Amino acid sequence: MEREEMIERFVKFFREYTEEEEPLYLGKIKDLLTVTPKRSVTINWMHLNSYDPELANEILEHPEEGIGAAEDAIQIILREEFLREDLPRIHARFHNLPETLLVKDIGAEHINKLIQVEGVITRVTEIKPFVSKAVFVCKDCGNEMVVTQRPYEGFTVIKKCEVCGSKNVTLDVDKSSFVNFQMFRIQDRPETLKGGQMPRFIDGILLDDIVDTAMPGDRVLVTGILRVVQERREKTPVFRKILEVNHIEPVSREIEELEITPEDEQKIRELAKRKDIVEAIVDSIAPAIYGYREVKKGIALALFGGVPRTLPDGTRLRGDIHVLLVGDPGVAKSQILRYVSNLAPRAIYTSGKSSSAAGLTAAAVRDEFTGGWVLEAGALVLADGGYALIDELDKMSDRDRSVIHEALEQQTISISKAGITATLNARTTVIAAANPKHGRFNRMKPLFEQIDLPPTLLSRFDLIFVLVDEPDEKLDSEIARHILRVRRGESEVVTPKISHELLRKYIAYAKKNVHPVISEEAMEEIEKYYVRMRRSAKKGSENEGIRPIPITARQLEALIRLSEAHARMRLSPIVTREDAREAIKLMEYTLRQIATD
Ligand code: ADP
Ligand code: MG
C-alpha cells in the first residue's frame, strides 16, 4: 500500500471509529491538547482490524511505514480539526496484536515485522540522551546536513560537506534533537518454560515517553519491530536481534494466572473435603523420594504460605514461609528441590553458585552494548510472587550475602550504585539447601558452626531441617527397595496421589481465595507454646549450653504463618486449634533436630 493511501485511511479511521457512539481516537487526539501533555496515542490493533483489516495487516507486515503513516495522520487531524500546528510529532503506539509470542518463539520470519512479546524484564540500563536527528554543519560554507539516526544501529556521521566537499564538518548539538533512550532485557517468564529449559532473552529499546516505565522483575507485554543488527566487535558477522519497542504495558493478572475453570474449582472444592487432604498433598510431593515426611510437610506449608499483612504504620509482614534443608551430601536435597520446582506455580530453580552477574538478588553491572550501567535482576526478583528453589545456598557470592537478609524479611532488594538507585520487589518464598562445611554433619555440634551461613540469615528461615546420613539398617533397606522400585518404573511408587496439574491449581486457588483468620483457640495454643519455649531457653542458657537459634519473636511469627498455611491447605477460612498444633509439632521437630543437647 502506498504511503499516501495509508495516511488517508488512518485519517478516516481516527475520525470515524466510535465506541459507544463516541469517536474514540478523535477524543484521544484532542486529549493531547489538554493540560497534561502526552506524546503518544495508543491504538488498539483489534479496533483497527475491525474497521480496516487491510490497513491493520499493513501495520504488522510493514510497521515502519505503517506507524509513520499513522503518525502523519495524527498531525493532519491536529491541524485540520483542532487548528494546531505547533505540537511536536506524536507517536502512534499499537497494542493488543492478534498473536503473543514467547521470547523463545521469535525467529527469522519476524524480522522487520511488528510483533507482540510477553516476558519478564531482567535488566534495564540507565536513561541516556539519544540523537534522533543529528545536524552536521560545514564550518567552511555553512551548509547544514540532517541525518536521522536509528537507535539500534551505530551513529551515522557525515565527514564531508555535500556542497563544497570540505572535511571541516561538525555535529551541531544545539540544532540536533535528542530523546530519552533506554535499553532493557526481557526473557520468558519462568512458568512458561518446561523443567530445565534455559530461558531465552532479547534486548529492547525504549525511546522518548516510554523510558523508565518498567523495572527488573516486572512482567510485561511489549509490541515492537524486530530488528537484526550486526555486532561490530566481531570479525565474523554475528547478528543479534533487537526489539525496537512501540508499546509496553504490564501483563494483566488474568493473562498471568493459571486458568482455573469452574470445573477445576469444583474438583478443588471436592478435594478439600477429603479428611486426609493434608496427608494427600504431602504424599504428592516428590513421591520418588522415600521418607522425609516432615520435610515434605514443611515444603507443602511453604507452597501454600501464610497471609501477608500491612500494619497501620505501613510495615509489611511477610506471609511467605522460607524453608532450609541442611545436610550431608547424597541425602536427596537437590532432588527434592528440583521436584518442587516442577510442581510449584511460578518457580525458579537456581544454585547459590549461579553464574549470572545478578546472582540470587540483583546487581548494577556494566553493559557491554551501551557501555553504561545496567540494573540486573537475580532469581529472587524474577520469582517475585512465586518460589525460588535455591540449591547450595552456602556457595552464594559475597554480594548476595550482604543483601539476602533484606530480601528474605522485607522482601525487597535495594541497589544503590553508580547513579542507579532502585528498590526491587522480591516477594518470593525461598526453599533452599546447604551442605555442611566439613564433609559431614555432626549432630553434637551447633548448626551455625557447621554451615557457611551466618546465624542472622538462618534466623530468617521459618523451618530448618537437618538431614543426616546415618547408617540405619531398616531405613537403608527401605530406601534401597524404594529406589529400586522407582528405577524399575513401578509407576504406583512415583505417581503422586494428586496429579501435579490439579495440585498446582489447588495451590494457586488457595493462595488467591483463602485468607485464613486465626481463631481465639489457635492463638491461645501458640502463646502457650511460645512462653514455654522462652522459659526453657532461659534455663538452657543458665546451664551454659547456648542454643544455636534461641526462640525469639521470629519463631512466633513463623508459627502464625505455618498455622495459616495449614488452614489454607484445607481451604479453611479459619485457623483452628488443630492447625496451630500441627504447626507447633513441625517446629518442635525442627528445633529438636538442631538442639545442642
Ligand atoms: P544431595 O543434593 O543431598 O547431595 P541428591 O539430591 O543429589 O543429594 O541425591 C543423591 C541421590 O540419592 C539421588 O539420586 C537421590 O534420588 C538418591 N536418594 C537419596 N536419598 C533418597 C531417598 N530417601 N529416596 C530416594 N532416593 C534417594
Ligand atoms: Mg546436591
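Values quoted throughout were computed directly from the atomic coordinates according to the rules given, and no laboratory measurement underlies them. Predicted model, so just to flag it, every value in this text is computed and none were measured. Neighbour counts are summed over all protein chains in view; Cβ atoms, including those assigned to glycine, are modelled from backbone coordinates with ideal geometry.
Looking at region 228-369 from every direction and averaging, what is the projected area of its Cα convex hull in nm²?
Averaged projected hull area, Cα only: 16.2 nm².
Which loop trypsin sites (Lys or Arg not before Pro) in region 265-323, with loop taken from DSSP, have no more than 14 other Cβ atoms within 10 angstrom of their Cβ?
Those that pass, being in a loop and sparsely packed, are Lys273, Arg274, Lys275.
Taking the simple approach of a point 7 Å from Cα along Cα-to-Cβ for both Glu22 and Glu557, what is their distance in nm?
For the pair Glu22/Glu557, the computed spacing is 4.6 nm.
In straight Cα distance, which lysines are under 18 Å from Lys241, not counting same-chain residues fewer than 8 positions off?
Candidates past the 8-residue exclusion: Lys104, Lys113.
Toward the positive end of the charge dipole of the chain, about the Cα centre and with charges on Cβ (Lys, Arg +1; Asp, Glu -1), which of Ala108, Gln187, Met6 goes farthest?
Gln187
About the Cα centre of the chain, how large is the charge dipole given +1 on each Lys and Arg Cβ and -1 on each Asp and Glu Cβ? Please answer in debye to the nearest 20. Don't skip to the answer; put the middle values down first.
On the way: 86 positive and 96 negative charges, 512 e Å.
Around 2460 debye, computed over the chain.
May I ask which of Lys267/Lys296; Lys273/Lys505; Lys297/Lys445; Lys297/Lys585; Lys333/Lys497 have a Cα-Cα span longer than 19 Å here?
Checking Cα-Cα distances, Lys267/Lys296; Lys297/Lys445; Lys333/Lys497 exceed 19 Å.
Kirkwood-based Rg over Rh for region 3-161 (C-alpha set), two decimals?
1.02
Less than 19 Å apart at the alpha-carbon level, and either on another chain or at least 8 residues along: which aspartates and glutamates does that give for Lys395?
Output for Lys395: Asp328, Glu406, Glu449, Asp452.
Could you give the nm distance between label points at Glu64 and Thr310, where each point is 7 Å from its Cα heading toward the beta carbon?
The two pseudo-label positions are separated by 4.6 nm.
Quote the FRET efficiency, to the nearest 0.05, computed for Glu99 versus Glu409 with a Förster distance R0 of 51 Å and r equal to the Cβ-Cβ distance.
For R0 = 51 Å, the calculated efficiency reads 0.75.
Region 69-210: D in µm²/s via Stokes-Einstein (Kirkwood Rh, Cα pairs, 4 °C, 1.567 mPa s)?
Value of D from the Cα-based Kirkwood radius: 69 µm²/s.
Say the dipole of region 346-464 comes from +1 at the beta carbon of Lys and Arg and -1 at that of Asp and Glu; which of Leu389, Leu424, Ser459 then lies farthest toward its positive end?
Ser459
On a straight-distance basis, which aspartates and glutamates could pair with Lys167 in a cross-link, Cα separation under 19 angstrom, same-chain partners fewer than 8 positions away excluded?
List returned: Asp140, Glu144.
Translational diffusion coefficient of region 371-425 at 10 °C, 1.306 mPa s, Stokes-Einstein with Kirkwood Rh over Cα pairs, in µm²/s as a whole number.
Approximately 129 µm²/s, per Stokes-Einstein.
Once the piece of chain linking Asp172 and Arg200 is laid out straight, how much longer is it, given 0.36 nm per residue of separation minus the C-alpha distance between them? Could the numbers behind the result be given before it?
Working: separation 28, 0.36 × 28 = 10.08 nm, distance 4.05 nm.
Computed gain between Asp172 and Arg200 is 6.0 nm.
If contacts are Cα pairs under 8 angstrom and at least 6 residues apart, what is the relative contact order of the chain in percent?
12 percent
Helix-derived [θ] at 222 nm for the chain: sum -39500 (n - 2.57) over DSSP H runs of at least 4, divide by residue count, nearest 500?
Here the helix-only value at 222 nm equals -11000 deg cm²/dmol.
For region 59-121, what is the charge dipole size about the Cα centre, in debye to the nearest 20, if Lys and Arg each add +1 at the Cβ and Asp and Glu each add -1 at the Cβ?
Once rounded to the nearest 20, the dipole reads 200 debye.
In nm², what is the average projected area of the convex hull enclosing the Cα atoms of region 328-386?
5.2 nm²
Rg to Rh for region 345-446: what is it, with Cα atoms only and Rh by Kirkwood?
1.04
Report, in cubic angstrom per residue, the convex hull volume of the C-alpha atoms of the chain. Kindly include the intermediate steps, with their values, before the conclusion.
Working: hull volume 134.3 nm³, N = 597.
It is 225 Å³ per residue.
For region 1-65, what percent of Cα pairs sit more than 20 Å apart?
It works out to 30 percent of all Cα pairs.
Non-local amide H neighbours of Lys497 (under 5 Å, H modeled in plane, Pro and chain starts lacking H): which ones?
Sorted by chain and number, the residues that satisfy this are Ser284.
Using the charge dipole of region 1-119 (Lys, Arg: +1 at Cβ; Asp, Glu: -1 at Cβ; taken about the Cα centre), state which of Pro53, Gly66, Pro88 has its Cα farthest towards the positive end.
Farthest along the dipole direction, towards plus: Pro88.
Once you charge only the Cβ atoms, +1 for Lys and Arg and -1 for Asp and Glu, what is the size of the charge dipole of region 26-87 about its Cα centre, to the nearest 20 debye?
Details: 6 positive and 13 negative charges, 98 e Å.
It comes to approximately 480 debye.
Distance between the C-alpha centers of region 479-537 and region 128-143? Whole Å please.
Each part reduced to its Cα centre gives a spacing of 67 Å.
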